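What follows draws every value from the coordinates through simple rules; no lab data is involved. As the structure is a computational prediction, the values presented were derived from the model and not from experiment. Please note: Cβ atoms are built from the backbone with ideal geometry, for glycine as well, and neighbour counts cover all protein chains shown.
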Amino acid sequence: MQLFAKKIIRGGFVVADNEELLADIYISGERISHILPADTEIPTDFSDAEVLDATGLVVLPGGVDAHTHFDLDIGIARSSDDFFTGTVAAACGGTTTIIDHMAFGNKGTLPSKQLATYHELAKDKAVIDYSFHGVVQNASAEVLSDLENLKKEGITSIKGYMTYDYRLTEEDLTILLRKTKELGMIFCVHAENHLTLTQLREQFIKEGKTSPIYHPKSRPSTCEADAVKCVCDIAKQVGDAPLYIVHLSSARGTFELKKALAAGQKNLMGETCPQYLFLDDSLYEKEDALKYVMSPPLRTPDDSSFLWEALKKHEIETIGTDHCSFFYSEKQKLSCGDFTKSPNGAPGVESRMMLLFTEAQNGSISLRQAVNWCSTNPAKIFGLYPKKGTIKEGSDADIVLFDPSKHTNLQKEMLHENCDYTPYENIPLKGIPVLTLSRGEIVSKDGTSLAQKGRGKFLKRAEYSASKHV
Ligand code: URP
Ligand code: ZN
């Protein structure tokens, strides 16, 4: 228990979703009580407050990462960050809310059964606030009726996959999008064309082409584009059902989203991830290429440029991480160098905010854009705003302080992720988080976690509202 119920973050450069100012932030308990111009005389009711000197620091809303996979059971392995190590890493990197994508569970597992399992995985472990996206294996009557239970539990988004064992057919997608629209939920989709990628993978296996360089070749960007087009068309037919396309990786895939938006389709949202913005497919030529076996795979530098442009034009609205960590040593052991046998995924929950902060310091984006993509937009889209994702009176005091004078190269040793590598090794950083608050409590300071295990709270989310989002 920390001593001070009242805190003042004094004299920092505050960047919120739609303003930037030198200000003092007054925190009472878990919430922001008010914001005053910097160095205003402290009101008497705050005379006993703890003062956190933010001079020279940049003060941002805590990050909202709407795409993590903690403790993910994929059958051959379990992702290495659970809800304790994953949320500690998130907090140390300046993220104060996560929305986790659940595993499928056994065949036939209903979404609400999976929700109960995930409550058990997260409670007593998470150090920051969290929610889950539901997951569906099919569009049976039982699943559709179960979505109503999910909604009552405050889960207002579900995810379906167009590849993997429990992929959805076009008919399933139509039925599910109709139902989620009716319930005020958002349908999140992993869009990759299963048929093409399966055929390519099987052909490569037959030809003995199983080194990691064949991973991206087996999942070309046309796979993403075909699936994005297909699911956007279905959402359109269902009357612009709310649709959120996760982890867009390619120019081709994003172009399909762009076309649908340009044709006037509403309630259509896209996400990309740092790996598709900061890394590229030349990494598959390296000896440690297995580290980058993730789906979708890394693409070309031209794809990354296209994604940045789409973010700037509001065609893609969020940056989540798809954090799904497996030790490199485990990937090596399980795959023996064969990409088809390697667990897919990579860590990133702790690096996201630092990478985006640095991009802003470099001048190619603004800090406000970074805040919108990493905090405000995901909070709005997924029914958490203005409790989360902003610095406003009445909002939760979820805040991160960055020191722009701390320049260093990103290294695995700095991070708290339970993994033996970071894909972002040696990327130069122009600023790191020095203090993170979650609901008014300091949860990390100078790269050390101070959070009590299990302090994070489950967040019931509001239903999707087009008027509230961006
Ligand atoms: O490779 C990845 N991204 N693994 C996580 C599961 C998924 O496909 O999103
Ligand atoms: Zn994912």
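Can you give me the orientation-averaged projected area of the convex hull built on the Cα atoms of the stretch 146-218, in nm²?
The directionally averaged projection comes out at 6.0 nm².
Determine which aspartates and glutamates satisfy two conditions relative to Lys412: a Cα distance under 14 Å, and not lying fewer than 8 residues away in the same chain.
List returned: Glu350, Asp420, Glu425.
Over the Cα atoms, compute the radius of gyration (one decimal) and Dmax (the largest Cα-Cα distance, rounded to a whole number) for the stretch 353-470, in Å.
15.6, 43
Rg over Rh of the stretch 393-447, using C-alpha atoms and the Kirkwood radius, what does it come to?
We get a ratio of 1.05 for the stretch 393-447.
Rg/Rh for the stretch 202-253 to two decimals, with Rh computed the Kirkwood way over all alpha-carbon pairs.
Reported Rg/Rh (Cα atoms, Kirkwood Rh): 1.16.
Of the trypsin sites (Lys or Arg not before Pro) in the stretch 82-138, which ones lie in a loop per DSSP and count no more than 11 other C-beta atoms within 10 Å?
Answer in residue order: Lys107.
List the pairs from Lys6/Lys388; Lys159/Lys331; Lys206/Lys333; Lys107/Lys380; Lys313/Lys445; Lys152/Lys388 whose alpha-carbon separation is above 30 Å, in the order I gave them.
Cα-Cα > 30 Å for Lys107/Lys380; Lys313/Lys445; rest within.
Which is farthest toward the positive dipole end of the chain among Ile25, Ile205, Ser112, measuring Cα position about the Cα centre, with Cβ charges +1 (Lys, Arg) and -1 (Asp, Glu)?
It is Ser112.
Measure of size requested: the Rg and Dmax of the stretch 1-153, with Cα atoms as the atom set and Å as the unit; please supply both.
When restricted to the Cα atoms of the stretch 1-153, Rg and Dmax are 20.4, 62 Å.
Using the structure shown, select from Lys125/Lys229; Lys113/Lys392; Lys392/Lys460 the pairs with a Cα to Cα distance greater than 31 angstrom.
Over 31 Å apart, Cα to Cα: Lys125/Lys229; Lys113/Lys392.
Taking the Cα atoms of the stretch 10-97, report the difference between the largest and smallest coordinate on each principal axis, in whole Å and largest first.
Sorted largest first, the three principal extents are 59, 27, 20 Å.
Which of the chymotrypsin sites (Phe, Trp or Tyr not before Pro) found in the stretch 43-112 are loop residues per DSSP with 14 or fewer other Cβ atoms within 10 Å of their Cβ?
Numbers: sites: Phe46, Phe70, Phe83, Phe84, Phe104; in loops: Phe70, Phe83, Phe84, Phe104.
Filter output for the stretch 43-112: empty list.
Which whole-angstrom value gives the distance between the alpha carbon centres of the stretch 414-464 and the stretch 289-333?
Each part's Cα centre sits 20 Å from the other's.
Which Rg and Dmax, in Å, describe the Cα atoms of the stretch 287-369?
Gyration radius and largest Cα-Cα distance of the stretch 287-369: 15.3, 44 Å.
What is the distance in Å between the Cα centroid of the stretch 340-377 and that of the stretch 3-76?
20
Using only Cα atoms, tell me the angle between helix 251-262 and the longest principal axis of the chain; keep it within 0 to 90° and round to the nearest 10.
Relative to the chain, helix 251-262 is tipped by roughly 70 degrees.
First obtain the Kirkwood hydrodynamic radius of the stretch 202-292 from its Cα pairs, then insert it into the Stokes-Einstein equation at 25 °C and 0.890 mPa s, and state the resulting D in µm² per second as a whole number.
On the way: Rh = 14.7 Å.
Roughly 167 µm²/s, to the nearest whole number.
Please list, in chain and number order, the residues 5+ apart from Leu450 or on another chain whose amide H is under 5 Å from its amide H, with Hs placed from the backbone.
Ser444, Lys445
Is it possible to state the helix-based mean residue ellipticity at 222 nm for the chain, with each DSSP H run of 4+ residues giving -39500 (n - 2.57), the sum divided by total residues, to the nearest 500 deg cm²/dmol? What is it?
Roughly -8500 deg cm²/dmol at 222 nm, from the helical runs in the chain.
Normalized C-alpha radius of gyration of the chain, against 2.2 N^0.38 Å?
For the chain, the normalised Cα radius of gyration comes out at 0.94.
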